[in-house]
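Take a look at the structure set out below.
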Amino acid sequence: MRRFLYRNFRAVAGLQHRLGRRLTPAGQLVAAGLVAAGIVGPNTRLTVGYQAFAFLAALLLVAALAVLRRPPSLQVSRRLPRFATAGEPLSYTVRVRNPGRRPAAGLALLEDLADPRPSFEEFVSTPEPGEARRNRFDRTVGYPRWSWLLELNRRAAIAEEPVATVPPGGEVEARLTLSPQRRGRLTLSGVTVARRDPLGLARALRPLAAPASLLILPRRYPLPPLTLPGARRYQRGGIPLAQSVGDSEEFASLRDYRPGDPLKRVHWRSWARTGRPVVREYHDEFFVRHALVLDTFAAAPTAAFEEAVSIAASFACTVGTQDSLLDLLVAGPEAHPITVGRGVGHVDRVLEILAAVRPCRDRPFATLARLVLEQPGALSGVICILLAWDAARRELVDRLRALAVPVLVLVVTDPAQPGGVVDVPDPPAVHRLEVGRVGEGLMGLRT
């Protein structure tokens, strides 16, 4: 039953997309009028709807005949930026070249975005937030879930853009505006050259292959001037060890061999030159190191989940500019810290990870807790961005504070969802941030 419904939803969504491409807004209005006239017009004695039906059908027939001839074949290339930010429109340039012998006039460009229709597995396994409150018919059929997933997979909107007349062998530039709606990878499969019929009801289309992509980063909020808690901590191995796995440390000097020194530290060239064993000496370093803990344990990408990702991105951009290290701790397919700051890595790397992070449904919260508690002695402080305030999350915060690690706890709640009103302690122990008022709540932080 579910697979049958899924196939029907997918077919209808595909038909809607194709009609939206072929018909202009005016053409869609005429088509809607044609359907309405067809419903009320069969009885010619009671209504004159049949006259409207004949007139509108004639308009669409003329438009359909006019767009049988496809637009000329052009060559297009984009100048896309590497990144965009959700909620911040950007403009980019598309260069259009006409290799033909005739001028190309009256054309427009339509971007071909990746298919937003969810897979069957995604449709079956991803519940819509608040789905339990819907009636039994909606829960059984699943159309509200389909509509929500379809909208969730639409990363951006790009409007149709007219193109100036392109002379034979020449080229022009068109400037398109991209409106990023959600974080994640935006894939552009190609560009469609469109030409409207004289009535402005339909478009003749010629798709051109021009694959490209860009990454839409999470939305970021401004933060007040924050002095994050915590003092310098002893870091065995110094900064090089903070960015790699193994025994690499920060080189200090050469010295004579002492009994017990590991063989791998012997500096063979110096031994050959001086005739006595010489080893490399390393020293450790004290510096500030914070952990940014993002709670991703949610059943679906809810509004609270997306706000939590945006808050993490905001802190990453702020802390990453300070003279300290920042470890991003997030559970996913691979649970390991990503370190930036003080010349180690770059904040862009953290933002790329946050742009692609998904809810974690196959692991318990203890996975993230173990990752945080692996090296509490090296952490100057911890920023916890949580989606709930239950026993597991409360235990993590209590254990960190018992280890004398300063903790800034932010719990993101959504009062509009069932269970969204969470009972949390008062600040400064825990700060509650509500969906829709996150920016205001962040500006009120005091650390």
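The values are calculated or read from the model by the stated rules, or taken from the named source; none is laboratory data. What you see is a predicted model, and the numbers here were worked out from it, not measured in a lab. Cβ placement follows ideal geometry from the backbone for every residue including glycine, while neighbour counts extend to all protein chains displayed. The protein model used for the area step is the full one, side chains on, heavy atoms only, and it has no ligands, DNA or RNA in it. Shrake-Rupley method; radii C 1.70, N 1.55, O 1.52, S 1.80 Å.
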Give L15, L23 a once-over and let me know the one that is touching a strand residue (DSSP E or B) at 6+ places or on another chain (Cβ under 9 Å) and either among the hydrophobic types (A, V, I, L, M, F, W, C) or at negative phi (or both). L23
Hey, does region 157-177 have a residue that's under 19 Å from F305 (Cβ atoms) and either in a loop (DSSP other than H, G, I, E, B) or not acidic (D, E) (or both)? no
Scan region 167-179 residue by residue and report those that are within 25 Å of L90 (Cβ to Cβ) and either open to solvent by less than 50 Å² (accessible area, probe 1.4 Å) or not polar (S, T, N, Q) (or both). E171, V172, E173, A174, R175, L176, L178, S179
Among residues belonging to region 13-66 that are among the charged types (D, E, K, R) and in a helix (DSSP H, G or I), point out the one that is most open to solvent (accessible area, probe 1.4 Å). R18
Any residue at all in region 92-109 that is touching a helix residue (DSSP H, G or I) at 6+ places or on another chain (Cβ under 7 Å) and among the basic types (K, R)? no
Return the residue satisfying two criteria in turn: it lies in region 276-305 and is modelled with pLDDT of 90 or more and surrounded by fewer than 19 Cβ atoms within 10 Å (Cβ to Cβ), and of such residues it is nearest to P129 (Cα to Cα). A303
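Yes or no, residue by residue, for (1) touching a strand residue (DSSP E or B) at 6+ places or on another chain (Cβ under 6 Å); (2) of a type in the set (G, A, S); (3) open to solvent by less than 20 Å² (accessible area, probe 1.4 Å):
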position: L149; (1), (2), (3): no, no, yes
position: I158; (1), (2), (3): yes, no, no
position: T165; (1), (2), (3): no, no, no
position: Q181; (1), (2), (3): yes, no, no
position: R195; (1), (2), (3): yes, no, no
position: L208; (1), (2), (3): yes, no, no
position: L215; (1), (2), (3): yes, no, yes
position: P222; (1), (2), (3): no, no, no
Taking region 86-107 and keeping residues surrounded by fewer than 18 Cβ atoms within 10 Å (Cβ to Cβ) and either charged (D, E, K, R) or outside any loop (DSSP other than H, G, I, E, B) (or both) leaves E88, L90, S91, Y92, T93, R95, R97, R101, R102
Name every residue in region 364-415 that is open to solvent by less than 30 Å² (accessible area, probe 1.4 Å) and part of a helix (DSSP H, G or I), in order of residue number. T367, L368, A369, L371, V372, P376, A378, R393, L396, V397, L400
